[in-house]
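> Attaching a single structure in structure tokens format; questions to follow.
The values are calculated or read from the model by the stated rules, or taken from the named source; none is laboratory data. Bear in mind the structure is a predicted one, so any value in this text is a computation, not a measurement. Here the Cβ is made from the backbone with ideal geometry for all residues, glycine too, and neighbour counts use every protein chain on show.
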Amino acid sequence: MVRPPKPAFQEFLEANRATVYRFLSVAVGPQEADDAFQETFLAALRSYPRVREPDKLDRWILSIASRKAIDHHRRSGRGPVPTDDPPDRPVLDPSPSDHDDPLWAAVRSLPPRQRVAVVHRHVLDRSYEEVAELMGGSEQTARANVYQGMKRLRELMT
Amino acid sequence: MKPNDLKRLAPARRVADDSRVAAARLADRATAEGLVDVALATMDSPVGELLVAVTPKGLVAIAFDDDDLERVVARLAREVSPRVIESAAPTDAARHELEEYFGGQRNRFDLALDRRLMGPFADKVLRATSRVGFGELATYGDIAARIDRPHAARAVGRALGSNPIPIVVPCHRIVGADGSLTGYAGGMSRKETLLRLEGSML
């Protein structure tokens, strides 16, 4: 089978920008999404000439975005939050327009890997198998992260 | 709370708009960091919209809007580098000279050219073509003679047809032995427009 040729980066960017942005705007928050987007695509651009599998570029860019999202939370010093933490303390990345949406407050309180897994599964509708591939772990871990994340969101939203 | 509620945190319209802005900003950052191998921009001209492609070595391609632009971009990705990005700044000098040319303020281009889309024979033909000045004409046979291949007028025609940098490499100044315009990869009406602009045709 002949491998499809790698598209020009511009085409690749056009084809994937909305999905990556949608992922990042929930995974790191709308205020930080642009910075994370730049980091994601600049990293991709650096290694683009060496990419071997042009038919898997959409997964490749989302796996880079996943790492950037998790790094972003680590850098800003947000480790996992204990589940019994009261949700009413000040949020760490308040975004004026979404300030009043309690769902945002709940999402922000998730530990980074749970947040990323939940976004892949329920915002981008990816299968658990794909979530595992995108985050570099087993399918079981992916399921556990989504399950724990959703459980916490439901608790906070009732 | 239902899983689908999460989707409202990233409304499609906002994502579409914000990601377009972010992609444009990415092009600027990539250019500043030297990560763009082929910069693309478009411009209006009397021969229709032009796509201008520039590498760090110079102008590598010009395409007309009825060329299959996807194919031109795919060729750049394949034969130059896949790091092809829409970025205006690196194309400024080329677009500026083209604008001056179309405005009648310039009769020669002082642009560095990246000749890598030209095969070895086409490269020779196109170098000879570049020595045909503004307002002059030459025949296919003239060019063949100038590259010491006097019987290769047909091959010269094909090489001119493959010119990746039309207008700047002036293949429009090459005409048939009887003075007829014969062919032009960009279409005869463009060849006419260019020759009129240069005063070679009334």
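> Out of all the residues in the range B:90-111, which are touching a residue at least 24 places away in the same chain (Cβ under 8 Å) and either among the hydroxyl-bearing types (Ser, Thr, Tyr) or assigned to a loop (DSSP other than H, G, I, E, B) (or both)?
B:91, B:101, B:104, B:107, B:108, B:109, B:111
> Cβ contacts < 6 Å: first residue over 14 Å from residue A:18 (Cα atoms) and surrounded by 12 or more Cβ atoms within 10 Å (Cβ to Cβ), restricted to the range B:1-20; second residue modelled with pLDDT of 95 or more and among the charged types (D, E, K, R), any location; separation 6+ or different chain. Result?
B:1/A:154
> Pick from B:41, B:23, B:53: which is within 21 Å of residue B:117 (Cα to Cα) and free of Cβ contacts under 8 Å to residues at least 40 places away in the same chain?
Result: B:53 is the single residue among B:41, B:23, B:53 that is within 21 Å of residue B:117 (Cα to Cα) and free of Cβ contacts under 8 Å to residues at least 40 places away in the same chain.
> Same structure again: Report yes if residue B:6 is within 14 Å of another protein chain (Cβ to nearest Cβ), in a helix (DSSP H, G or I) and either closer than 26 Å to residue B:160 by Cβ or of a type in the set (A, V, I, L, M) (or both), otherwise no.
In short, yes.
> Do we find that residue A:46 is part of a helix (DSSP H, G or I) and modelled with pLDDT of 95 or more in this structure?
Against the criterion (part of a helix (DSSP H, G or I) and modelled with pLDDT of 95 or more), residue A:46 qualifies.
> Sort through A:107, A:119 and tell me the only one that's within 20 Å of residue A:15 (Cα to Cα), buried (at least 21 other Cβ atoms within 10 Å of the Cβ), β-branched (Val, Ile, Thr) and at pLDDT 90 or above.
Testing whether each residue is within 20 Å of residue A:15 (Cα to Cα), buried (at least 21 other Cβ atoms within 10 Å of the Cβ), β-branched (Val, Ile, Thr) and at pLDDT 90 or above leaves just A:119.
> For the condition over 15 Å from the mean Cα position of the chain (by Cα) and modelled with pLDDT of 95 or more, what is the one hit in A:53, A:139, A:133?
Every option except A:139 fails the conditions.
> Being at pLDDT 95 or above and either under 14 Å from the mean Cα position of the chain (by Cα) or away from chain B (no Cβ under 14 Å) (or both) narrows it down to one residue among A:88, A:35, A:84; which is it?
Just a single option satisfies the conditions, and that option is A:35.
> Of the numbered conditions (1) closer than 20 Å to residue B:62 by Cβ; (2) assigned to a loop (DSSP other than H, G, I, E, B), residue B:150 fails exactly one; give the number of that condition.
Result: residue B:150 fails condition (1) only.
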